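Notes follow once the structure below has been shown.
The values are calculated or read from the model by the stated rules, or taken from the named source; none is laboratory data. No experiment lies behind these values; they were computed from the predicted model shown. A quick note on method: Cβ atoms are made from the backbone with ideal geometry, for glycine too, and the neighbour counts reach across all protein chains shown.
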Amino acid sequence: MRIGEVMKREPTYVQPHESCRQAARRMRDGGFGFLPVCDDRRRVIGTITDRDIAIRIVAEGRQFDLPVGDVMSCEVVACRPDEDVERARKVMSANRKARLLVLDDRGCLEGVLSSSDLATATTSPGRGR
C-alpha cells in the first residue's frame, strides 16, 4: 500500500510570520497538536507542535505573539506519496516521530501521515507488518 492512499490530504499549515497564538488557535480549532510550517509556495520549512509552544513559550515566559519561525523545529522528516507504508513505518520508528510530512518532488506539502493512519493501513498479502 502506498502512503498517498492513507495520508491526510490538504492539511492545515502555518506560515513562519504568523504568531504562535494563531498557530495554537488553529491547533485547538482543528483538534490536533501539530502543524507543518510552510513558505508562500507551500514548501515545508519546519514544524510546530503544541509541545513546542508549551516548552518554548509558556515555560520560558515568552510572548505568545512571537512569530512561529522563532519557535518552530527546523527538522523536517518526510516521505513521498508513492512510497510504501512499510518505509514510512521504518522512518517514523528510526526518527521517533508520530507523524511524517508527505512532500511532492519540489518539497511542497501534499499531506500528513500519522501513526494512526498507519495503524489502519493494511499490508499487501504475503507481507508482514
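Go through the residues of segment 63-76 one by one and say whether even a single one is β-branched (Val, Ile, Thr), within 30 Å of ARG21 (Cα to Cα) and surrounded by fewer than 19 Cβ atoms within 10 Å (Cβ to Cβ). Checked against the condition, which is being β-branched (Val, Ile, Thr), within 30 Å of ARG21 (Cα to Cα) and surrounded by fewer than 19 Cβ atoms within 10 Å (Cβ to Cβ), segment 63-76 yields at least one hit.
The residue list ASP50, ASP84 contains one member that is closer than 25 Å to ALA119 by Cβ and touching a residue at least 60 places away in the same chain (Cβ under 8 Å), which is ASP84. Restricting attention to segment 23-47, the residues that are touching a residue at least 40 places away in the same chain (Cβ under 8 Å) and over 21 Å from GLU110 (Cβ atoms) add up to 1. Each residue in segment 19-44 was checked for being in a strand (DSSP E or B), closer than 13 Å to ASP70 by Cβ and more than 11 Å from the chain's Cα centre (by Cα), and 1 of them qualify.
So which pairs qualify, if the first residue must be in segment 88-109 and part of a strand (DSSP E or B), the second must be crowded, with 16+ Cβ neighbours inside 10 Å and of a type in the set (Phe, Trp, Tyr), the Cβ gap must be under 8 Å, and the two must be at least 6 apart or on different chains? Pairs that qualify, where the first residue is part of a strand (DSSP E or B) and the partner is crowded, with 16+ Cβ neighbours inside 10 Å and of a type in the set (Phe, Trp, Tyr), are ARG99/PHE34; LEU109/TYR13.
What do you reckon, is PRO16 under 14 Å from VAL112 (Cβ atoms) and either in a loop (DSSP other than H, G, I, E, B) or modelled with pLDDT of 95 or more (or both)? Answer is no for this residue.
So which residues in segment 50-84 are more than 14 Å from the chain's Cα centre (by Cα) and either assigned to a helix (DSSP H, G or I) or small (Gly, Ala, Ser) (or both)? Matches in segment 50-84: ILE53, ALA54, ILE55, ARG56, ILE57, VAL58, ALA59, GLY61, VAL68, GLY69, ASP70.
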